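**Student:** Have a look at this one.
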Amino acid sequence: MDFSHLSEPLMASMIGALATVAAALVQLRISWRKEIKERERGQPITKKTRRGPVIVVFALLAAAAVGGFALSQYFVSLREGDRDSLRADLQSKLSEINATATRLEQARMNERRQIETEVQRADASRFGEEGAAASVVVGPCKPEGTPGARQACTEQSALRIAICARVPAAANVKEVQLYIASENSKQPWQESRVQPGQEAGEARFAEKFSERSDGDAKQVCQRFANWSGEKSRIARILVKYAF
């Protein structure tokens, strides 16, 4: 047993009980020896002499009670100490478990964000490869002049419009594909592709595209002119981009 953690009152009780027991045992031995000698000499045993062992027995009982109480308190203190130690260990383990759970949750969230970022990047790359498209129908050219006068429409007098496709602000434009088709044309777009600055049926795209900010995105625009006085044109652009 480890007596180093006993409180001072408990230690004093145990020492007192041990001293009382020792003194009672000494007194009982002296009384018994004295009684034996008196019996050997044939002397009568007085009431005082007879009460001596009884008193010693009561003293032993009292000392035993005190010692038992002190010993029980000692065991109680040991149990409380073990309980406090166990509680501290459990609290430490719970703290470790909570910290581990927090780290795992953080790692899971980071992994989830990483996966979402990769998915978004993959989607953005796929969208960039597919491209952002825009198209518009441009009617026949109507030259300004005297009403009823026959006046030819020219490229210089034709109305120029900008056709714009919206792409992410961080996108880098890789290519702008241009298409010109008649309004009622049934041919695939690939057969209607033209190069920047190339004339196609009295219609033409500008040679260069431009970019302009549009909130959290940007617009890629290509100017177009149709100077045909009879036919409408469908002008289409397809902007391919990457990050």
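The values are calculated or read from the model by the stated rules, or taken from the named source; none is laboratory data. Source: prediction; values computed, not measured. Side chains included, ligands, DNA and RNA excluded: accessible areas come from the protein's heavy atoms. Shrake-Rupley method; radii C 1.70, N 1.55, O 1.52, S 1.80 Å.
**Student:** 5 Å is the cut-off here: which amide hydrogens, built 1.01 Å from N in the peptide plane, fall below it relative to D214, excluding neighbours closer than 5 in sequence?
**Tutor:** Sorted by chain and number, the residues that satisfy this are Q219.
**Student:** Shifting gears a bit: Taking the convex hull of the Cα atoms, report for the range 133-234 its projected area averaged over all directions, in nm².
**Tutor:** On the way: hull surface 30.4 nm².
Taking the Cα atoms of the range 133-234, their convex hull projects to 7.6 nm² on average.
**Student:** Further question on the same structure: Taking a probe of 1.4 Å, how large is the accessible area per residue of the range 168-242, in Å²? Walk me through the numbers on the way to the answer.
**Tutor:** Working: 4160 Å² over 75 residues.
Averaged over the residues of the range 168-242, the accessible area is 56 Å².
**Student:** Quick check on my link table: of K174/K208; K142/K240; K186/K231, which ones sit more than 22 Å apart, alpha carbon to alpha carbon? If you can, show how the numbers build up before the last one.
**Tutor:** Numbers: K174/K208 13 Å; K142/K240 34 Å; K186/K231 15 Å.
As for pairs spanning more than 22 Å Cα to Cα, those are K142/K240.
**Student:** Per residue of the range 90-97, in order, report the coupling 6.51 cos²θ - 1.76 cosθ + 1.60 (Karplus, θ = phi - 60°) as ³J(HN,Hα) in whole Hz, putting x for Gly and Pro.
**Tutor:** So the J values, rounded to whole Hz, are 4, 5, 5, 5, 4, 5, 5, 4.
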